[in-house]
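Worksheet: the structure to be examined is printed underneath.
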Amino acid sequence: MRVLYQLREAGFDAYLVGGGVRDLLLGREPKDFDVATNAHPDQVKDVFGRNCHLIGRRFRLAHVRAGRDIVEVATFRAIPRDDGGDHETDNGMILRDNVYGNIEEDALRRDFTVNALYYNIADFSVVDYGSGMADLRAGMLRLLGDPEVRFREDPVRMLRAVRFAAKLGFNIHRAAERLMPGMASLLREVPSARLFEECLKLFHGGQAVETFEKLRHYRLFDWLFPETERCLGEEEDHFPITFVVHGLANTDARILENKPVTPAFLFAVLLWEPVRRLAGFYVEREGLDETASLQRAGSEVLVRSLERVSIPKRYSLDMREIWQLQPRFEARSGKRPQRLLSHPRFRAAYDFMLLRAKAGEAEQELADWWTRFQASGEEEQRSMTQEPDGKGTSRKRRRRPRSTKKSAPVTE
Ligand code: ATP
Ligand code: MG
């Protein structure tokens, strides 16, 4: 409100827009606030001074600090006119949209009608240039304009449709929904760094399982994680692959409990199936030990995935460690458990192993052992590691565990 009023006092029009208005009208807590104004970025800078930072190369935005929050202040923009210039690709994808416009033009370049509502502090009204209010009441995600054109302009809008549908429990309008599987391949043109950011929003929004299922339904997942999709299409020992769903359900539960989630763990989950399979192949065909095969499979799958979704190195290093530590949980005697426990990536690798057990891919008994081991005092830990691996405990299996393990010895 302070940002809005300050702009108004300086003689500009300023509106709250986007998810902030949408979520408040739905009685939900907005994630962040966006302001649209007729002030140009330099003018916004003049109004807020040191509390304002101008960012962005593609289009300039102002980040205004308001207490602990950052409010994004953007100047009204228009959809660039098709003047034969170089603002779009041959496929109609918009490359630059830094043309200033008026509020109505600004509304029409937004993605969904429910995202194009403007709260006006001048008279406390909500300005609606589409069918935003009606669609909000109906729980409908409707693109502004021709959905095919709008998806072509920016294929990420398909991912946004899925994200909002899962988050708000809305339906994607039939005309747009029909187009998605056929247009999914346009995601190929989207820079991989942007897809990484978008993946975080998709899977760290608290609705990862539902989002994942919808992404698969509309054939969008295939364009983000093609190798994982290929694995998911096959059953193993007549069991469907459930690991990813377990992992995403775990992510959702953590977010619900306000526990931290990390991109490294998320992407380790999303890419584990192809890594595990390829590692299994190397163990079987090339006689590599488990750790070495996971190392090689991990690198290969990562390199190929980066073409679609560019995972920053600081995360991919952790991902590889999470994967490579998996065989080390098998060793339960001597000093090795203690050594694993003090590994900096132990916690993530342990959580990952619990998921593997849930998915029937590691022994539940092994998972329980490690849970007990961590909670035990020194004395008990010592006695736990004196027994030969797994002795005295039930080896009953829920079903045949799927693991990369053959008879290869565990190495460190
Ligand atoms: P949330 O912040 O809860 O994820 P949001 O709707 O605020 O949802 P943002 O990504 O913060 O989403 O974007 C703010 C607004 O900018 C959107 O509501 C929409 O009006 C507009 N917008 C964002 N991305 C696009 C896009 N790809 N195409 C068109 N308009 C967009
Ligand atoms: Mg927002």
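The values are calculated or read from the model by the stated rules, or taken from the named source; none is laboratory data. Since we're looking at a predicted model, the values are computed, not measured. So basically every Cβ, Gly included, is an ideal-geometry build from the backbone, and we count neighbours across all protein chains shown.
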What do you reckon, is L195 within 22 Å of the chain's Cα centre (by Cα), of a type in the set (A, V, I, L, M, F, W, C) and either in a helix (DSSP H, G or I) or crowded, with 18+ Cβ neighbours inside 10 Å (or both)?
yes
Report whether or not R174 is exposed (fewer than 14 other Cβ atoms within 10 Å of the Cβ), within 22 Å of V303 (Cα to Cα) and not small (G, A, S).
no
For region 328-374, name all the residues that are small (G, A, S) and either on the phi > 0 side of the Ramachandran plot or surrounded by fewer than 18 Cβ atoms within 10 Å (Cβ to Cβ) (or both).
S333, G334, S342, G360
State yes or no: is E257 surrounded by fewer than 19 Cβ atoms within 10 Å (Cβ to Cβ) and at pLDDT below 95?
no
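A quick yes/no check of all residues on (1) within 16 Å of ligand 2 (Cβ to nearest atom); (2) more than 20 Å from G101 (Cβ to Cβ); (3) in contact with a helix residue (DSSP H, G or I) (Cβ under 8 Å, 6 or more places away or on another chain):
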position	(1), (2), (3)
R2	no, yes, no
Q6	no, yes, yes
L16	yes, no, yes
G19	yes, yes, yes
D32	yes, yes, yes
V35	yes, no, yes
D46	no, yes, no
G49	no, yes, no
Residue, farthest from ligand 2 (Cβ to nearest atom), within region 92-130, restricted to residues that are modelled with pLDDT of 95 or more, among the hydroxyl-bearing types (S, T, Y) and touching a helix residue (DSSP H, G or I) at 6+ places or on another chain (Cβ under 6 Å):
T113
Are any residues in region 96-140 within 13 Å of ligand 1 (Cβ to nearest atom), hydrophobic (A, V, I, L, M, F, W, C) and within 25 Å of V162 (Cα to Cα), and if so, which ones?
A107, L108, F112, V114, A116, L117, L136
For residues that are of a type in the set (A, V, I, L, M) and part of a loop (DSSP other than H, G, I, E, B), scanning just region 61-91, find the one that is modelled with the highest pLDDT.
A78
Scan of region 115-139 for residues that are of a type in the set (A, V, I, L, M, F, W, C), touching a Leu at 6+ places or on another chain (Cβ under 9 Å) and not in a helix (DSSP H, G or I), ordered by number
A116, L117, I121, V126, V127
Just checking, how many residues over region 1-43 are among the small types (G, A, S), more than 9 Å from ligand 1 (Cβ to nearest atom) and within 23 Å of A138 (Cβ to Cβ)?
1
Take the conditions touching a residue at least 24 places away in the same chain (Cβ under 8 Å) and among the charged types (D, E, K, R) and apply them to E227. Does it pass?
yes
For region 154-202, name all the residues that are within 16 Å of ligand 2 (Cβ to nearest atom) and free of Cβ contacts under 8 Å to residues at least 12 places away in the same chain.
E197
